[in-house]
Amino acid sequence: MFKDKTIVIGVTGGIAVYKVCDLVSRLKKLDANVKVIMTKSAAKFVSPLTFQTLSAGKVYTEMFEYLDHWDVEHISIAKSADVFLVAPATANVIGKIRHGIADDMLTTTIMASTAPKVIAPAMNTNMYMNPIVQDNMKALKEMGYMFVEPDSGYLACGDVGAGRLTENENIIAKLEEVLNPHKPLAGKTVLVTAGPTQESLDPVRYLTNHSTGKMGYAIAKKAVDLGARVTLVSGPVNIEKPAGLEKFIGIKSAVEMFEAVKGELDNNEIVIKSAAVADYRPISVADNKIKKKEGNLNIELERNPDILKYIGEHKGDKILVGFAAETENILYNGKRKLESKNLDFIVINNVKEADAGFGFDTNIVVFLDKNDVQKEFGKMLKEEVAGEILKKIVELTAEKQ
């Protein structure tokens, strides 16, 4: 599995260090070349000799050890890595990596490495949920660092919650994904809609909603990462376009989005409609700015095209995913939309939940498919929600083959 691959493991101080001993042993049995760097704190939990025996190689702990041959060790180790894993990763080392602090062998080497980096956090649940730690992890993810999220349960300190180092099987699976990337959507064509629409009232005003496009853009990026040829139809947002798109179509109004989707529908096998499209638009748009007058202003609205319904009626054997942003009767309304729009599955979220819905980096969603299979997720970053959506789509494409 890992033959001819070098995995550098940075071990930091925490009770979970003992689990990494087993991880090193298992990686060696999978033919990996394992190099271990330990912080001084880690060495207080497990002796470097233990890791030296298990890895069948030198364990690196000090920046300025006597060298028996000329070699700038942190540079040579950094260059040798096919992947760099930090496990267990404490709040301290996560913060240092995020801010570019290189004050020991581990942090100096990881700064010098251009290899993919995987971080497996382990700490007290209150530390893990601390906004500072969460912000550090979010920033690292945006820089391309990958995380294997901790498990929830009973912790060594006696607390119960998220923070326990995940099982070694999950870490090995992540390393395999990084070293032997599988592109399950290679060659598949995916159409994603994202962002809000804007319905003009006059030359300076319009009707819109709170959508930022973060969810749709995260889906488009993940689909590209999985090998898909992605067309993104987007309303006005302040987000950089994902790299690697097949096509990008910028629109403003619901009618423009409808026309763009109709034009691209036959070219795509999978459609993910995450855009928050206005249901109504003004019947007439004023040529000049509407001036303020005494009394109320009445604006007559008409229905916009139902884009999702149109796709459902013309989808053929395409996979169609919709979203439902609800404020009441969440599952009931989501199921009605699933059935009425002929969706394969729907992503439902309660926009009244804290840290969920429009404008947030996180979301809390429920998946419901046409077979009435329901799956609930806790609060996750929208990038993680995108991963779960694409994982479900991969499963559906496999069923169709």
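The values are calculated or read from the model by the stated rules, or taken from the named source; none is laboratory data. As the structure is a computational prediction, the values presented were derived from the model and not from experiment. Cβ: placed from backbone, ideal geometry, glycine included. Neighbour counts: every protein chain shown.
Scan segment 352-372 and tell me whether some residue there is at negative phi, aromatic (Phe, Trp, Tyr), in the same structural domain as residue 309 (by TED's automatic domain parsing) and not in a loop (DSSP other than H, G, I, E, B). Yes: segment 352-372 contains one or more residues that are at negative phi, aromatic (Phe, Trp, Tyr), in the same structural domain as residue 309 (by TED's automatic domain parsing) and not in a loop (DSSP other than H, G, I, E, B). Of everything listed in (1) touching a helix residue (DSSP H, G or I) at 6+ places or on another chain (Cβ under 6 Å); (2) closer than 15 Å to residue 321 by Cα, the single unmet condition for residue 220 is (1). Pick from 289, 337, 352: which is farther than 16 Å from residue 216 by Cβ and touching a Pro at 6+ places or on another chain (Cβ under 7 Å)? Criteria check complete, one pass: 289.
With respect to residue 325, is the statement that it is surrounded by 15 or more Cβ atoms within 10 Å (Cβ to Cβ), modelled with pLDDT under 90, closer than 30 Å to residue 140 by Cβ and in contact with a Ser or Thr (Cβ under 8 Å, 6 or more places away or on another chain) true? For residue 325, the condition - surrounded by 15 or more Cβ atoms within 10 Å (Cβ to Cβ), modelled with pLDDT under 90, closer than 30 Å to residue 140 by Cβ and in contact with a Ser or Thr (Cβ under 8 Å, 6 or more places away or on another chain) - is not met. Exactly one residue out of 361, 355, 372 is over 18 Å from the mean Cα position of the chain (by Cα) and not basic (Lys, Arg): that is 372.
Limited to segment 190-207, what total is found for residues that are over 30 Å from residue 229 (Cβ atoms) and not acidic (Asp, Glu)? Count: 7.
Elements of the type strands (runs of 3 or more DSSP E) sitting completely within segment 258-336 and holding at least 1 residues that are of a type in the set (D, E, K, R) and within 30 Å of the chain's Cα centre (by Cα): these cover 270-273, 319-326. Taking the listed residues 395, 376, 326, 302, the one that is out of contact with any Lys or Arg (no Cβ under 7 Å at 6 or more places or on another chain), assigned by TED's automatic domain parsing to the domain that holds residue 196 and either aliphatic (A, V, I, L, M) or touching a residue at least 12 places away in the same chain (Cβ under 8 Å) (or both) is 326, with no other qualifying.
Can you find a residue in segment 288-295 that is touching a Leu at 6+ places or on another chain (Cβ under 8 Å) and without any contact (Cβ under 8 Å) to a residue 40 or more places away in the chain? Checked against the condition, which is being touching a Leu at 6+ places or on another chain (Cβ under 8 Å) and without any contact (Cβ under 8 Å) to a residue 40 or more places away in the chain, segment 288-295 yields no hits at all. Taken over segment 376-401, the criterion of being more than 22 Å from residue 331 (Cα to Cα) and not in a helix (DSSP H, G or I) is satisfied by 401 alone.
Tell me which residues, restricted to segment 5-54, are acidic (Asp, Glu) and either within 29 Å of the chain's Cα centre (by Cα) or under 18 Å from residue 86 (Cβ atoms) (or both).
22 - this is the single residue of segment 5-54 that is acidic (Asp, Glu) and either within 29 Å of the chain's Cα centre (by Cα) or under 18 Å from residue 86 (Cβ atoms) (or both).
Within segment 230-246, if we keep just the residues that are surrounded by 15 or more Cβ atoms within 10 Å (Cβ to Cβ), touching a strand residue (DSSP E or B) at 6+ places or on another chain (Cβ under 6 Å) and modelled with pLDDT under 95, the residue that is farthest from residue 216 (Cα to Cα) turns out to be 246.
In this structure, residue 341 does not qualify as of a type in the set (Lys, Arg) and surrounded by fewer than 19 Cβ atoms within 10 Å (Cβ to Cβ). Checked against (1) within 16 Å of residue 190 (Cβ to Cβ); (2) loosely packed, with under 15 Cβ neighbours inside 10 Å, residue 216 meets all criteria but (2). So, restricting to strands (runs of 3 or more DSSP E) that lie completely within segment 120-208, which ones have at least 2 residues that are modelled with pLDDT under 90? Ranges flagged: 151-154, 160-164. For segment 13-23, the criterion of being closer than 25 Å to residue 103 by Cβ and of a type in the set (D, E, K, R) is satisfied by no residue at all.
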